[in-house]
1. Consider Ser10 against the criteria (1) outside any strand (DSSP E or B); (2) touching a Pro at 6+ places or on another chain (Cβ under 8 Å); (3) surrounded by fewer than 20 Cβ atoms within 10 Å (Cβ to Cβ): it satisfies all of them except one. Which criterion is unmet?
2. Would you pick out the residues in segment 190-224 that are at negative phi, open to solvent by less than 80 Å² (accessible area, probe 1.4 Å) and not in a strand (DSSP E or B)?
3. Within segment 138-151, is there a residue that is open to solvent by less than 50 Å² (accessible area, probe 1.4 Å) and of a type in the set (Val, Ile, Thr)?
4. Within the group Ser23, Ser3, Ser29, which residue is over 16 Å from Asp207 (Cα atoms) and either more than 15 Å from the chain's Cα centre (by Cα) or among the polar types (S, T, N, Q) (or both)?
5. Residue pairs, Cβ under 7 Å, 6 or more apart or interchain, first in segment 128-140 and over 19 Å from Arg117 (Cα atoms), second part of a helix (DSSP H, G or I) and open to solvent by 30 Å² or more (accessible area, probe 1.4 Å). List them.
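The values are calculated or read from the model by the stated rules, or taken from the named source; none is laboratory data. The model shown is predicted, which means the values in this text are computed figures rather than measured ones. Here the Cβ is made from the backbone with ideal geometry for all residues, glycine too, and neighbour counts use every protein chain on show. Only protein heavy atoms, including side chains, enter the accessible area calculation; ligands, DNA and RNA are left aside. Shrake-Rupley method; radii C 1.70, N 1.55, O 1.52, S 1.80 Å.
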Amino acid sequence: MASIKFDNVSFAYGNNQILRNFSLEVDDSQIMCLVGPSGCGKTTLIRCLLGFNKPSSGEIWIGDRCVFSQAKRINIPPERRGVGVVFQDYAVWPHMTVLENVCYPMKKQRMSKAEIRQKAENALKQVRMTEYASYLPSQLSGGQQQRVAIGRALMNAPAVVLADEPTGNLDTRNSAEIMQLLRDSNREFGQTMIVITHDEEIALAADRIIAVEDGRIVRDERIRR
């Protein structure tokens, strides 16, 4: 699918330097967890990968495609980077049904309604939410809403999936189930995944753990090869 590479990436908010010459490579089809205290640079790094933040220097690669390079004046828009995203707060539309929520990202794609619906139904099956297709988010538990968010992120089979604290609002049982869903998708489709978490126990479900402090890597531990 796609490896990920940060090459000497720097980013600052005003005078506050968050990342300085940060380099990291994530292997193709690997699940990597980023851990570290609040403000250490984890989310900033992910926002740079998504294209929401523009670094002051360095390069970012997804597979064999450079999506950002200050020197080469490359900055691919977020919607063209082919990355699926799962947020902590679920980010599901309250006025849409489960099926409509999963279909929504594909509305601008040149696909027939039948194709979009088929993809959405497959995604719901993957996250075990088929029977809730007609439900509104208010009728779901937190864990079920996060399943919908994951289904939406996986709908178009992206090569890369980013999950920013996907279990932060969930209890231990639901957290374990969400991580298992991500691992199941990784095994089936070979996506490269980066998961941000504060929970070291959750991180143990990954293939590799990267601990970050003050915008630099302080630990690189491979759990699985």
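1. (1)
2. Listed by number, the residues that qualify are Gln191, Thr197, Asp199, Ile202, Ala203, Ala205, Ala206, Asp207, Ile223.
3. Initial filter on segment 138-151 (open to solvent by less than 50 Å² (accessible area, probe 1.4 Å)): 140, 142-151.
From the residues that got through so far, the ones that are of a type in the set (Val, Ile, Thr) too are 148, 150.
Scanning segment 138-151 turns up at least one residue that is open to solvent by less than 50 Å² (accessible area, probe 1.4 Å) and of a type in the set (Val, Ile, Thr).
4. Ser23
5. Close Cβ pairs (under 7 Å, with a partner that is part of a helix (DSSP H, G or I) and open to solvent by 30 Å² or more (accessible area, probe 1.4 Å)) amount to Leu140/Tyr132.
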